[in-house]
Amino acid sequence: MSEYILEMKGVSKYFAHVRANYKVDLQVRRGEVMALLGENGAGKTTLMNILYGLYAPSEGEIFFNGEKVNIKEPQDAIKHGIGMVHQHFMLVQALSVIENVVLGMKGSKSPRLDLNEAADRLKELAAKYSMEINPWAKVWQLSVGQQQRLEILKALYRGAQLFILDEPTAVLTPQEVEGLFDMIRLLKSEGKTIIFISHKLNEVLSICDRITVLRLGENQAICNASEITKDELAELMVGRPLNNERHREDTGDDNPVVLKLEGVTCNNSDGLPGLKGIDLEIRGGEILGIAGVDGNGQRELAEVITGMTHVTGGKVTISGDDMTNADPIDIWKKDVSHVPEDRHKHGVVLGMDLVENNLLINHFRKEFQKGPFVDWKAIEKDTEEIITDYHVKTAGKNELIKNLSGGNQQKMVIGRALERDPKLLLALHPTRGLDIGATEYIQQCIMDQRNKGVAVLLVSTELDEVISMSDRIAVMYEGRIIGIVPPTTSISDIGLMMAGVEPDKKDDQE
């Protein structure tokens, strides 16, 4: 029997004039966790989509369990024992958990499928891997973490021996990440194999055995996780040493208040209290970081500031003007820019090209108008400048944005927000889904805005990012601000506050 469960030899993939992969070799041993590492656009997901039968390779061969295989569609991959958990889950929201699991499968009592029998089997698998889930719940009722567990259970149910996890921690809380890693260790102990696609170096070094690095679609290195440092990996990914120091200028403490919230309350999408008496202010030239586990009011905070959710009490002031419950377009005209937390829901229209997506939120600007019509030459020129300035990897300005990698979509959204020189910037998870090189660049772009005198509200579940970039940190818990602390506060103290322990009471918890 071959040492390797999977060998991909000389695999290339071309999309018109774009080279996504070029003569890539990948060898994965049985029972190991292999990281597939690289910047956005390095070809990681494309390579795995070829393995899973979503793309046909332009050239190259695939060997599975020592035999050459021809994987033309996902059903072929599933039959060979390959399961893939995509970054954007492939689930039908309106169907139940068990219906999603058995979708497309034949039952033991063919042609009829016994859902009760399938549900019992799923419960046994879920209990075995400590991923309890209600088989009859609708997918839309599940949290993001539960939906990911469902995708993994679906692959287990179908007999997968090799699991492809594409950016599996991108939308998880720290607690959910630990749960995922426990599950990966259990799968590995049973002899199963995992390909772990990521750009988070700390996670790769903690959970993976070996690492394959891709750069610009080609093999760059294969190394043991125990024999390489984070800095060395970063340099292999981007082709240059990274500077982790953020350029921070002294902007003074007497800058005017740009954003002020006084006793703000609102309801969330379920009609329950989302914000409970929020008081905060941000001056020009400072970054106020918001720390907290996702779902503790961060989204509602951004939505009341941008006019997307109505305030039920309190006052929102922007640049001295009362903007409580103002229309989003009027708030936008106050030089407010917004990087939304979910680019697919609120940032872009996937079926439109880059020029059209740029126009979506800039159509009212005089420089893009020619009488009653759109000045297409002006918006095209502006789009080209964003592509160049923010290093968006694309075939051109008329490329459909859905054809870009997630990271390049995010660069486009951020570039569009920053190029209009805002006075107030709301940045929600601005580096989510970005590789280490792009993260370094975007973080410095946001810091440059701060140094120019822009007031920045930074929301991130990456605590290291909040601490390294913020001038002050506000910790949110269940719709309240537990406290506002300096970035020199210890991670353990901030962690206690994220769990709801107020700063002056933490000593009582020790």
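The values are calculated or read from the model by the stated rules, or taken from the named source; none is laboratory data. Computed from a prediction, not measured in an experiment: that's the story for all the values here. Cβ sites come from the backbone with ideal geometry, for glycine too, and all protein chains shown count toward neighbours. Protein only, heavy atoms only, side chains kept; ligands, DNA and RNA dropped before computing areas. Shrake-Rupley method; radii C 1.70, N 1.55, O 1.52, S 1.80 Å.
General remarks:
- Residue in the range 197-245 that is nearest to the chain's Cα centre (by Cα), counting only those that are of a type in the set (Ser, Thr, Tyr) and closer than 20 Å to LEU26 by Cα: SER198
- Scanning the range 377-404 for residues that are part of a loop (DSSP other than H, G, I, E, B) and either touching a His at 6+ places or on another chain (Cβ under 8 Å) or open to solvent by less than 20 Å² (accessible area, probe 1.4 Å) (or both) gives VAL392, ALA395, LEU404.
- The residues of the range 472-497 that are touching a Leu at 6+ places or on another chain (Cβ under 7 Å), open to solvent by 40 Å² or more (accessible area, probe 1.4 Å) and not in a strand (DSSP E or B) amount to a single one, ILE491.
- Within the range 276-332, being among the β-branched types (Val, Ile, Thr) and more than 24 Å from the chain's Cα centre (by Cα) holds for ILE278, ILE282, VAL311, THR312, VAL316, THR317, ILE318, THR324, ILE329, ILE331.
- Each residue in the range 32-63 was checked for being among the hydrophobic types (A, V, I, L, M, F, W, C), outside any loop (DSSP other than H, G, I, E, B) and in contact (Cβ under 8 Å) with a residue 60 or more places away in the chain, and 9 of them qualify.
- Within the range 191-303, strands (runs of 3 or more DSSP E) holding 1 or more residues that are over 30 Å from SER12 (Cβ atoms) and modelled with pLDDT of 90 or more: 257-267, 273-283, 287-291
- Scanning the range 294-316 for residues that are touching a Lys or Arg at 6+ places or on another chain (Cβ under 9 Å), within 16 Å of ILE282 (Cβ to Cβ) and open to solvent by less than 20 Å² (accessible area, probe 1.4 Å) yields a single hit, VAL316.
- Checking MET48 against (1) at pLDDT below 90; (2) within 23 Å of the chain's Cα centre (by Cα), the condition it does not meet: (1)
- Residue match in the range 21-30 (condition: touching a residue at least 60 places away in the same chain (Cβ under 8 Å), among the hydroxyl-bearing types (Ser, Thr, Tyr), crowded, with 19+ Cβ neighbours inside 10 Å and over 20 Å from GLU167 (Cα atoms)): yes
- For ALA155: the one exception among (1) surrounded by 21 or more Cβ atoms within 10 Å (Cβ to Cβ); (2) among the aliphatic types (A, V, I, L, M); (3) in contact with a Lys or Arg (Cβ under 7 Å, 6 or more places away or on another chain); (4) in a helix (DSSP H, G or I): (3)
- For the range 132-147, a residue qualifies if it is within 18 Å of LEU180 (Cα to Cα) and open to solvent by less than 10 Å² (accessible area, probe 1.4 Å), and exactly one does: GLY145.
- The residues in the range 412-445 that are part of a helix (DSSP H, G or I) and either open to solvent by 20 Å² or more (accessible area, probe 1.4 Å) or touching an Asp or Glu at 6+ places or on another chain (Cβ under 6 Å) (or both) can be counted, and the count is 6.
- The set of residues in the range 7-19 being touching a Leu at 6+ places or on another chain (Cβ under 8 Å) and among the hydrophobic types (A, V, I, L, M, F, W, C) consists of MET8, VAL11.
- Any hit, the range 57-78, residues being more than 19 Å from GLY159 (Cα to Cα) and among the aromatic types (Phe, Trp, Tyr): no
- Scanning the range 329-368 for residues that are basic (Lys, Arg) and open to solvent by less than 40 Å² (accessible area, probe 1.4 Å) gives ARG343, ARG365.
- All positions within the range 446-464 that are over 23 Å from the mean Cα position of the chain (by Cα), surrounded by 18 or more Cβ atoms within 10 Å (Cβ to Cβ) and not in a strand (DSSP E or B): ARG450, VAL454
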